[in-house]
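The values are calculated or read from the model by the stated rules, or taken from the named source; none is laboratory data. Just so it is clear, the structure is predicted and the values come from calculations on it, not from any experiment. FYI the Cβ positions are ideal-geometry reconstructions off the backbone, even for glycines, and counts take in every protein chain you see.
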Amino acid sequence: MSWAAVSCWIENHQSLAYWVQAIGSIASIWGAFKIGSSQQKAQLIESTNAARNKSESLFAVVESAASFVSALGAFVQTNPSSYVFRENWKLTNRQWLEVSIFSLSHLPAHELGSSVLVREYFGIFGGVNNISRLISGALSSDAFNEQELDYMYFEVLKQVRIIESNWYCFQQARHT
């Protein structure tokens, strides 16, 4: 069949142009629907990934503070001398505790995702603040004797255990 024959056939069937236009319109609508649907899926995936990344970042802040507190508790449990504790405090632990407090204080607790996570976060944050208060108070004393050191260690270890308990519950709540 030659192009001339095809052209002649199309001229004799005028309604064919309407059918071609109708099919083209339907194809255009279907294409627009598919594009919109794929863009919506991509946005959903992107927002899900962003929410997961934010959740992981918030979790990492709390995890970092809880890990530091556990390490501090392990150190305190060795019952170091007053001198060793002071030097260690000056060199590393004070900065770690300050960073933990700063980071926890800037964490948007309302974005943690559940009331259980918020409660456990506040338990951890409160415990870290209590540890800071206990150590700062003890070290600011001019006459820091062994009895005060033992009392501080005992109180710090109580706070460490509370924080570890909150941290365990925080982890469990995150996975539910």
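Descriptive notes on the structure:
- Any hit, segment 107-130, residues being in contact with an Asp or Glu (Cβ under 7 Å, 6 or more places away or on another chain) and more than 13 Å from Ala65 (Cα to Cα): no
- Unique residue being modelled with pLDDT of 80 or more, more than 35 Å from the chain's Cα centre (by Cα) and surrounded by 10 or more Cβ atoms within 10 Å (Cβ to Cβ) when the list is Ser38, Ser55, Ser25: Ser25
- Flag if Glu148 is in a helix (DSSP H, G or I), closer than 18 Å to Ala71 by Cβ and among the charged types (D, E, K, R): no
- Restricting segment 122-150 to residues that are hydroxyl-bearing (Ser, Thr, Tyr) and touching a helix residue (DSSP H, G or I) at 6+ places or on another chain (Cβ under 8 Å), the residue that is farthest from Leu72 (Cα to Cα): Ser141
- Filtered residues of segment 73-93 (kept if basic (Lys, Arg) and either touching a residue at least 40 places away in the same chain (Cβ under 8 Å) or within 17 Å of Glu148 (Cα to Cα) (or both)): Arg86
- The residue that is surrounded by the fewest Cβ atoms within 10 Å (Cβ to Cβ), among those in segment 58-72 that are of a type in the set (Gly, Ala, Ser) and in contact (Cβ under 8 Å) with a residue 60 or more places away in the chain, is Ser70.
- Tallying residues that are closer than 20 Å to Asn79 by Cα and in contact (Cβ under 8 Å) with a residue 24 or more places away in the chain within segment 156-176 yields 8.
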